[in-house]
1. Name the single residue, out of those in segment 196-207 being hydroxyl-bearing (Ser, Thr, Tyr) and part of a helix (DSSP H, G or I), that is surrounded by the most Cβ atoms within 10 Å (Cβ to Cβ).
2. For residues that are open to solvent by 40 Å² or more (accessible area, probe 1.4 Å) and either more than 16 Å from residue 48 (Cβ to Cβ) or modelled with pLDDT under 85 (or both), tally how many sit in segment 74-106.
3. Restricting attention to segment 271-320, which residues are part of a helix (DSSP H, G or I), closer than 20 Å to residue 243 by Cα, open to solvent by 50 Å² or more (accessible area, probe 1.4 Å) and not hydroxyl-bearing (Ser, Thr, Tyr)?
4. Restricting to segment 208-238, what's the tally of residues that are open to solvent by 60 Å² or more (accessible area, probe 1.4 Å), in a loop (DSSP other than H, G, I, E, B) and more than 19 Å from residue 316 (Cα to Cα)?
5. Can we say residue 396 is among the hydroxyl-bearing types (Ser, Thr, Tyr), closer than 22 Å to residue 297 by Cβ and at pLDDT below 90?
6. Scan segment 321-363 for residues that are open to solvent by less than 20 Å² (accessible area, probe 1.4 Å) and either among the basic types (Lys, Arg) or under 30 Å from residue 214 (Cα atoms) (or both) and jot them down.
7. Taking the condition of being touching a helix residue (DSSP H, G or I) at 6+ places or on another chain (Cβ under 7 Å) and either part of a helix (DSSP H, G or I) or farther than 21 Å from residue 293 by Cα (or both), how many residues in segment 340-360 meet it?
8. Quick check on segment 138-157: of everything there that is among the polar types (S, T, N, Q) and part of a helix (DSSP H, G or I), which residue is surrounded by the most Cβ atoms within 10 Å (Cβ to Cβ)?
Amino acid sequence: MSLEEARELVKAKDYTKAETIYLNILNKDIKDTATDKLKNEQESAILELGNLYVTTNDTAKLRDFIPHSTDYMAQFAKSKTAKVLKTLIEKFEQVPNSLDDQIFVCSKSIEFAKKEKRVFLGHSLTIKLANLQYKKTNYKDALDLINDLLIQFKKLDDKPSLVDVHLLESKVYHKLRNLAKAKAALTASRTAANSIYCPTVTVAELDLMSGMLHCEDKDYKTAFSYFYESFESFHNLSIPTSYEKACQVLKYMLLSKIILNLIDDVKTILNAKYTKETYQSRGIDAMKAVAEAYNNRSLQEFNLALKNYQTELMSDDLVRSHFNALYDTLLESNLCKIIEPFECVELSHISKMIGLDVQQVEGKLSQMILDKVFYGVLDQGNGWLYIYDTPHKDATYDSALELVNELNKTVDLLFEKASVLY
């Protein structure tokens, strides 16, 4: 029984027999004097068996196999053991609905690293565990791990690890809505990144996080520039998650342009070659529908888009948090569109056209009048709205006031000088 036979069985999708062969190879006794060929064969068997479990989505077997794989690697070099263990844990990510099992496996692997006094392996696995806790929304556990890691990495002056940990810290604080600490952590991450070479994926994540925090500050123009940089980086990457990330960032780019009411720019992005050919998803279609509703100043189209693409729009925290602002802006825009042709209009007519109750419409119109979005008066007794033209300020009036003030100062000075003579 050899690796080649097992590989042939995997190709033929006879996974049970292939698994038996891999386990037989791993259960061979390896002595200290074992040849490199035999060790390499066992390394390949571990990785390929892990891959087989990932292909069959066998979470239970992976959960047991990864912690026990360290027993098979007793005679391996330390660097090789670390590489194989990290590869298996990375592959586990591809199994759907396995977050709890990944956390268990990662915790067991950290115990192994501590027992064997493999400090650097322990650190990299702890970063992985903190990431998993963040995905699981166990933010307190993630922060506890992050704080311990920061103490260790600052002692070691390990800049690449500091970049990753500070970036993760920023993401956690952003989820907790502590924006001040999220910005501080991102600044620390960028400071560490400036003194070393950073992989493209890390730079892309940093730009994405910067864009998200600028969005929270309502600085959408700057946010768009960061999202664009991040999108370019993800677009040129070939990692398994790059397509999904690029789609997410493209959605944020469109959101920034919609909020800035730059619908022509949205159309340009949607009609770009890379968008049409590569990035077609329901998330992008959802933003396209929202942009069209904005362009038509139609609240009904906006609500229809929200209904049709509820999962795509509401499952994303950033998009969801900005939808109230989008709704208010569009409601104002839609009301302005309806009242444009009138000098006097019944509130019931506006309510019927926009599809909301009279009280909601009345409340919003009174707010718009106070905010000077348009000039008008609400006649609540009759349920009417009077709309006036926007008054144009005459520059002569301001100039005349300024001249009178200056003349007043001059007369006061002359009076002071004249009073000295008497």
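The values are calculated or read from the model by the stated rules, or taken from the named source; none is laboratory data. All figures in this text were calculated on a predicted structure; none of them were measured in a lab. Positions of Cβ are backbone-derived with ideal geometry, glycine not excepted, and every protein chain shown enters the neighbour counts. With ligands, DNA and RNA removed, areas are computed over all heavy atoms of the protein, side chains included. Shrake-Rupley method; radii C 1.70, N 1.55, O 1.52, S 1.80 Å.
1. Initial filter on segment 196-207 (hydroxyl-bearing (Ser, Thr, Tyr)): 197, 200, 202.
With part of a helix (DSSP H, G or I) added as a condition, the list becomes 200, 202.
Working: 200: 14, 202: 18.
By that ranking, first place goes to 202.
2. 12
3. Taking segment 271-320 and keeping what is part of a helix (DSSP H, G or I), we get 271, 273-277, 282-295, 299-308, 310-314, 317-320.
From the residues that got through so far, the ones that are closer than 20 Å to residue 243 by Cα too are 271, 273-277, 282-288, 311-313, 317-319.
Filter once more, keeping what is open to solvent by 50 Å² or more (accessible area, probe 1.4 Å): 271, 273-274, 276-277, 282, 285, 288, 311, 317.
Of everything in segment 271-320, those that are part of a helix (DSSP H, G or I), closer than 20 Å to residue 243 by Cα, open to solvent by 50 Å² or more (accessible area, probe 1.4 Å) and not hydroxyl-bearing (Ser, Thr, Tyr) turn out to be 271, 273, 276, 277, 282, 285, 288, 317.
4. Matching residues across segment 208-238 total 1.
5. Values: among the hydroxyl-bearing types (Ser, Thr, Tyr): yes; closer than 22 Å to residue 297 by Cβ: no; at pLDDT below 90: yes.
Answer is no for this residue.
6. Within segment 321-363, the first condition is being open to solvent by less than 20 Å² (accessible area, probe 1.4 Å), and the residues that meet it are 322-323, 326, 330-331, 334-335, 338-339, 345, 347, 350-351, 354, 361.
Hits for segment 321-363 are 322, 323, 326, 330, 331, 334, 335.
7. Restricting attention to segment 340-360, the residues satisfying the condition of being touching a helix residue (DSSP H, G or I) at 6+ places or on another chain (Cβ under 7 Å) are 345, 347-348, 350-351, 353-355, 357-358.
In the following step, the residues that additionally are either part of a helix (DSSP H, G or I) or farther than 21 Å from residue 293 by Cα (or both) were identified as 345, 347-348, 350-351, 353-354, 358.
Selection size over segment 340-360: 8.
8. Kept after step one, since they are among the polar types (S, T, N, Q), are these residues of segment 138-157: 138, 147, 152.
Still in the running and part of a helix (DSSP H, G or I): 147, 152.
On the way: 147: 12, 152: 15.
Across segment 138-157, the extreme among qualifying residues is 152.
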